[in-house]
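Data first, discussion second: the structure below is written as structure tokens.
The values are calculated or read from the model by the stated rules, or taken from the named source; none is laboratory data. These numbers come from a predicted model, not from an experiment. Virtual Cβ from ideal backbone geometry, glycine too; neighbours counted across all protein chains shown.
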Amino acid sequence: MAGSDLPPSQMSPNGWESLFDGVATGIALVGSDGSIRWVNRSGACVLHRPRHDLTGMPAPFRLRRSVDLGAERGEEPDENVCVWSEGAQGPRWLAYTEGVRIEVGPGSIVTPVSFRDVTEQQHQHGRISALARTAATVTSDSSLEKVLEAMAVEVQRSHGVAGTQIMTFAPRGDGLRLMGAAGFAEVERFFDLLMASRDRGADLATHRSMSARKQYVVPGRRAQMLADPSWEPLHAYVSQLEWDDFVSTPLLSRGKALGALNVYVASGFQATPAMLNFLSSMAEQAALAVDYATLIHQGRLSARSEERARLARDLHDSVVQHVFSIGMQAKAVQGIARRLPGPYEERLATVATEVTDLVDSVQRDLRGVILALQPPVSAKLGLLPALNALAEGIERRYDVTVDLDIEALVDGGAGDADLREDMYRIVSEALHNAVKHAAPTIVRVIAEVDRERGVVRIDVIDDGRGISSDGAGGSGGFGLVSMRDRASRWGGHVFLTAAHEGLGTRVRAELPTTASRTDQERVDSA
């Protein structure tokens, strides 16, 4: 209370007003009814309201002390935190300290409260907590989609954020995908709408951010987009939220852009340096998650390839040889049967023939299994020659016609060796399932490229028994699970339907047209 020789309880109203008005910290005098009686200039600035408006308003402070007038306390007063929601700039966090009560007139007592704005500190604590939770999520066993979804939610909780999106190429695949989002009521159609806007000439800040590998802030982005006809496909989408500015932060790993963290800044807020630093930190965590998922995926592929090669060797070296031996023994039994008299010859010859037929069937199946376990056929021969060889082998072994119309795969741009191999394996699985379980006379394989959607569509259609009521017919069961697993690695899909009015089965695979571009080409296409 420096500046006056009188104790506060003996000052006139003008005295304590002049005393507190020159203090840089916010000072409010709170009446016994909990209302604000007076606030100094600094306090009005902190509360973002004119002083005359504040008089009589309920104070946000929770006054806890019951102190006798003029009492002196030896310890430091406690600092508490509250929220002020009546300011012109929205809710603010205030740290405040209660003073000793003052008598300002007969029967009139006020409590001086000093306070300061700690909103940014509170937000920073929240961001640190979000980073900690995100780091824990990255190291969990959750899928990449779940990790990035959780990150988007954490960013969404940050003060001043209206909406969040995380886009990435994911461990496999070509184009960007929306892998995590928060704040928007609808997310499924966003990427299609974004690409439609790009095709109309819209300037994508995400593209600029990833190409330049630096954070971009676009003030007034919402107004720009709504005024630009090229953004018309996204007008309804971006109008879901109340936002103004846009921030795109690239996900960088070893100098490469793996995706972007996009934030829609809520109306009335700005992208402060603290917010931008927080978004950069979250983008680093997201990039770490993508990198981690990619390494795990590659490790699994390598382990799977090694295991398949081992199984192929074991089958060839043991099971195939044993089956061959059984066949030789069956033929020996046939020779013995011819030397036996009457009914014994006929009965033994019948059994020997059945065993021989079973051995032939098992050998065909084993050859198919070993072939499927071998290193990539399509990598050795090329995708089209490998599929032609596959079709010829199936026709020879199963007495069925395989009709190929797959020239579109040349234009489909399946440049990535792993993508070509997965295409081959999907077709191989569908063909083998058809001839084994559906008893068809003809199986057609048709490939088409849908350039508008950026996918290659492969149909394997048979004229066999069709899909049974329990779903076991056609190409169902484990084979379908395997095909869907291969397609999902690329963001693709596999569908099983009846071919023609319930007759036959159609297996349709949709996969991206290419995955062979460089990182920069992938960014340019996004």
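The residues of segment 188-199 that are of a type outside the set (Lys, Arg) and surrounded by 16 or more Cβ atoms within 10 Å (Cβ to Cβ), listed by number, are Phe190, Phe191, Leu193, Leu194, Met195, Ala196, Ser197.
The set of residues from segment 410-443 being surrounded by fewer than 24 Cβ atoms within 10 Å (Cβ to Cβ) and at pLDDT below 80 comprises Val410, Asp411, Gly413, Gly415, Asp416, Ala417, Asp418. For Ala330, are the conditions met, namely being modelled with pLDDT of 70 or more, buried (at least 16 other Cβ atoms within 10 Å of the Cβ) and either outside the structural domain of Ala439 (by TED's automatic domain parsing) or not in a helix (DSSP H, G or I) (or both)? Taking the combined requirement at face value, the residue satisfies it. Which strands (runs of 3 or more DSSP E) does segment 200-271 wholly contain that include 1 or more residues that are assigned by TED's automatic domain parsing to the domain that holds Gly160 and buried (at least 23 other Cβ atoms within 10 Å of the Cβ)? By residue number, 243-253, 256-266. The single residue among Arg49, Arg73, Arg64 that is at pLDDT below 90, over 17 Å from Val100 (Cβ atoms) and not in a helix (DSSP H, G or I) turns out to be Arg49.
Within segment 445-499, being of a type in the set (Ser, Thr, Tyr) and at pLDDT below 85 holds for Ser468, Ser469, Ser475, Ser482, Ser488. Kindly evaluate Val23 against the criterion of being in a loop (DSSP other than H, G, I, E, B), modelled with pLDDT under 90 and farther than 21 Å from Gly105 by Cα. Yes: the conditions hold for Val23.
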